[in-house]
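Okay, structure first, notes after.
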Amino acid sequence: MKIYKSKTILAAICSTMLIALSFNTQAGDKFTLQTKWVTQAQFAGYYVALENGYYDDEGLDVTIKSGGPDIAPPQVMAGGGADILIEWMPAALASREKGLNLVNIAQPFKSSGMMLTCRKDSGISSPSDFADKTLGVWFYGNEYPFLSWMSKLNMATDGSAGGVTVLKQGWGIEPILQKQADCVSTMTYNEYWQVIDGGLSADELVVFPYDEQGVSTLEDGLYVLEENLSDPAFVDKAARFLRASMKGWEWASNNSDAAADIVLENDMSGAQTEKHQRRMMGEVNKLTANGGKLNVNDYQRTVDTLLGSDSDPVINGEPVGAWTHKVWDAAFGS
């Protein structure tokens, strides 16, 4: 009888523990983030917030969905697969013009990491030397700053004489290594270092940061659907997400190598290396310095760059309602 009672008590305790565990698992409000690319230090703040329990502290059950070459974040959002996404502003504004009402609610990345990296032996030393050269360009929304730049330089992009030939660049840097292109698109924290690791030294390269060419646009902002902003419950969840995420970015900036290690722990592909992710984290921290609340002047610079020339604008007019401080102010106060 005593054994029976002991088993009964044990079963009751286990049942109570399971109920408690189930309650804790379901207690957090579900919130899904879609990243722009694969798991890497570019998104470290969010993985840090997940790993360090900052989302849990805000009562959120956050899922981070990785991007990739076949994933367009706006399409994921349009299909109901995410509550919030990371996107470059040019692609977000272009999507807005097409009817997907994306709204920027925060801008963790203050500076642009976009560069055109060229071989010195191609004879390129300034943008005027791009004429009649082959340039590697990313598409799927990443081409807009480039097209604005070429418009500013009055260079055609159709391969005609005096213009440039555009090579639709994949997600590798082989075209510059194999001399299929004179220049390729790179990020300061990623592809540039792949070129270096691929065998070309910094002395053999010349780089043109978009920031320095007057055509930089905002990258890696946080976007939600406009219609969700009329729902107080959604705004509350998004505000809690911002608080936890910015805490994650602050921790990453103060613990660079440890943040990179957290990213590696979340890389299910196993493709990333410690050397590359730690180097990337150091560069990303430069871009996120002073980021957070969207600076309206930075927004307007991006819009002006995209409007480009009258003959070939990337967007057709001044956007309306494309950003808000509503969620940020709910999170941190105005």
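Residues checked against (1) surrounded by fewer than 18 Cβ atoms within 10 Å (Cβ to Cβ); (2) within 16 Å of Y223 (Cβ to Cβ):
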{"position": "N285", "(1), (2)": "no, no"}
{"position": "N290", "(1), (2)": "yes, no"}
{"position": "I315", "(1), (2)": "no, yes"}
{"position": "A322", "(1), (2)": "no, yes"}
{"position": "G333", "(1), (2)": "yes, no"}
The condition of being surrounded by fewer than 22 Cβ atoms within 10 Å (Cβ to Cβ) and either in contact (Cβ under 8 Å) with a residue 12 or more places away in the chain or in contact with a Cys (Cβ under 8 Å, 6 or more places away or on another chain) (or both) holds, among P232, P209, only for P209
Can you name every residue in region 292-313 that is surrounded by 15 or more Cβ atoms within 10 Å (Cβ to Cβ) and either assigned by TED's automatic domain parsing to the domain that holds T186 or assigned to a helix (DSSP H, G or I) (or both)? D298, Y299, R301, T302, V303, T305, L306, L307
Are any residues in region 79-92 of a type outside the set (A, V, I, L, M) and either more than 25 Å from E265 (Cβ to Cβ) or part of a strand (DSSP E or B) (or both), and if so, which ones? G79, G80, E87, W88, P90
Of the residues in region 212-235, those that are modelled with pLDDT of 95 or more, touching a helix residue (DSSP H, G or I) at 6+ places or on another chain (Cβ under 7 Å) and hydroxyl-bearing (S, T, Y) number 1
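Per-residue answers, yes or no, for (1) among the aliphatic types (A, V, I, L, M); (2) in contact with a Cys (Cβ under 6 Å, 6 or more places away or on another chain); (3) more than 24 Å from A258 (Cα to Cα); (4) without any contact (Cβ under 8 Å) to a residue 60 or more places away in the chain:
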site: V38; (1), (2), (3), (4): yes, no, no, no
site: L50; (1), (2), (3), (4): yes, no, no, no
site: Y54; (1), (2), (3), (4): no, no, no, no
site: L60; (1), (2), (3), (4): yes, no, no, no
site: I64; (1), (2), (3), (4): yes, no, no, no
site: Q75; (1), (2), (3), (4): no, no, yes, yes
site: G81; (1), (2), (3), (4): no, no, yes, yes
site: I84; (1), (2), (3), (4): yes, no, yes, no
For region 257-298, which positions are over 21 Å from K247 (Cβ atoms), among the polar types (S, T, N, Q) and touching a residue at least 60 places away in the same chain (Cβ under 8 Å)? S269, Q272
Which condition from (1) under 30 Å from T324 (Cβ atoms); (2) modelled with pLDDT under 95; (3) surrounded by fewer than 23 Cβ atoms within 10 Å (Cβ to Cβ) is the one that R243 breaks? (2)
I want to confirm something. Restricting to region 222-254 and keeping residues that are more than 18 Å from G333 (Cα to Cα), part of a helix (DSSP H, G or I) and aromatic (F, W, Y), which single residue is farthest from the chain's Cα centre (by Cα)? W251
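Under the condition of being in a loop (DSSP other than H, G, I, E, B) and surrounded by 16 or more Cβ atoms within 10 Å (Cβ to Cβ), which residue from region 257-278 is modelled with the lowest pLDDT?
In this case the residue turns out to be Q272.
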Looking only at region 155-169, decide whether some residue is within 20 Å of the chain's Cα centre (by Cα), under 23 Å from E219 (Cβ atoms) and in contact (Cβ under 8 Å) with a residue 12 or more places away in the chain. yes
What is the number of the single condition among (1) surrounded by fewer than 16 Cβ atoms within 10 Å (Cβ to Cβ); (2) at pLDDT 95 or above that T25 does not meet? (2)
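The values are calculated or read from the model by the stated rules, or taken from the named source; none is laboratory data. A quick note: this is a predicted structure, and the numbers were derived from the prediction, not measured. Note that each Cβ is placed from the backbone with ideal geometry, even for glycine, and that neighbours are counted across all protein chains shown.
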